[in-house]
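The values are calculated or read from the model by the stated rules, or taken from the named source; none is laboratory data. Remember, it's a predicted structure, so these values are computed and weren't measured experimentally. Methodologically, a virtual Cβ is constructed for each residue, glycine included, from the backbone with ideal geometry; neighbour enumeration extends over all protein chains shown.
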């Protein structure tokens, strides 16, 4: 019986997108294979045949999320004319056509126990650091160290991880309705003084 | 119940006790490069099993042995659905193994981290 060329009978890309939404909302352990089968419109056998395992699907969904949903936010940050604009933009994922829900979930939910997820998350956070550095320096190379070390503000690269953590933290606070605008304005004001 | 171990580059599945008899199989060895992944899946026992040949199917009690469904050969050894693990294979006699194991989470972690990363 030759079945090799048989179409899978479902839209693989659409299944990966829907899985990203499910995992972002309820975490890895909160989604059973029953949930995947009923929400993705995929037969169990096809699910296993295509993705190998639930974890295989999760990794595909996370990579898709980073490439298609997180990347637009990073672009918006990189293209900001100054640090204050970059910070405001980083908090408004919707305006950038972005969504960082699964990344936020993965940082806490899977990264501590899954090295492959941790590697993806670390890469994404490094991209955030790089985008914020670029926004802080306006794309120009860091100034040459003329002034004595004590008088210089910390270089943008050194500051970026703290700002990335702040941005992710404010996104988390935003989930319980905490207004971030004032905090961002205050922080941006401090940054601009440097 | 089955005991699942990784020995070098091989996944070793051993059926325990009387399951050897019901499943008509006591041991399976699969090269890790043919293992695509493992998943905890209690719901799979409600899926159609296909045609049993050879093996034992006492609905609601025990599924053991070889089943044929959609042109695929699937090996079952499950009594307690809550401990069912699905191991997906490639280029093997069986398309997948559906096994009851003592600690599903540990077995899935073992396999998912021992298998070759997808190309």
Legend entry - Odd one out for residue B:38, checked against (1) within 14 Å of chain A (Cβ to nearest Cβ); (2) surrounded by fewer than 19 Cβ atoms within 10 Å (Cβ to Cβ): (2)
Inset, instruction - Look at residue B:49 and say whether it is within 26 Å of residue A:60 (Cα to Cα) and either out of contact with any strand residue (DSSP E or B) (no Cβ under 7 Å at 6 or more places or on another chain) or more than 11 Å from every other protein chain (Cβ to nearest Cβ) (or both). - result: no
Inset, instruction - With the condition kept exactly as written, say whether any residue in the stretch A:23-34 is assigned to a helix (DSSP H, G or I) and at the interface with chain B (Cβ under 10 Å from one of its Cβ atoms). - result: yes
Legend entry - Odd one out for residue B:52 among (1) modelled with pLDDT under 90; (2) farther than 17 Å from residue B:100 by Cα; (3) under 14 Å from the mean Cα position of the chain (by Cα): (3)
Inset, instruction - Just give me the residues in the stretch A:69-115 being within 14 Å of chain B (Cβ to nearest Cβ), out of contact with any helix residue (DSSP H, G or I) (no Cβ under 6 Å at 6 or more places or on another chain) and either in contact (Cβ under 8 Å) with a residue 40 or more places away in the chain or crowded, with 21+ Cβ neighbours inside 10 Å (or both), in sequence order. - result: A:114
Inset, instruction - For residue B:28, indicate whether it is modelled with pLDDT under 95, part of a strand (DSSP E or B) and touching a strand residue (DSSP E or B) at 6+ places or on another chain (Cβ under 9 Å). - result: yes
Legend entry - Single unsatisfied condition, residue B:32 versus (1) within 14 Å of another protein chain (Cβ to nearest Cβ); (2) under 24 Å from residue A:43 (Cα atoms); (3) in contact (Cβ under 8 Å) with a residue 12 or more places away in the chain: (2)
Inset, instruction - Quick one: which residue in A:66, A:59 is within 14 Å of another protein chain (Cβ to nearest Cβ) and either touching a residue at least 24 places away in the same chain (Cβ under 8 Å) or under 30 Å from residue B:32 (Cα atoms) (or both)? - result: A:59
Inset, instruction - Go through B:27, B:73, B:96 for me and flag whichever is away from chain A (no Cβ under 14 Å) and either in contact (Cβ under 8 Å) with a residue 12 or more places away in the chain or within 20 Å of residue A:47 (Cα to Cα) (or both). - result: B:27
Inset, instruction - Would you mind telling me which numbered condition in (1) under 24 Å from residue A:35 (Cβ atoms); (2) part of a strand (DSSP E or B) residue B:106 fails? - result: (2)
Inset, instruction - Provide a single number: the residues in the stretch B:91-116 that are surrounded by fewer than 22 Cβ atoms within 10 Å (Cβ to Cβ), more than 13 Å from the chain's Cα centre (by Cα) and more than 16 Å from residue B:15 (Cα to Cα). - result: 9
Inset, instruction - Among the numbered conditions (1) assigned to a strand (DSSP E or B); (2) closer than 19 Å to residue A:50 by Cβ, tell me where residue B:92 comes up short. - result: (1)
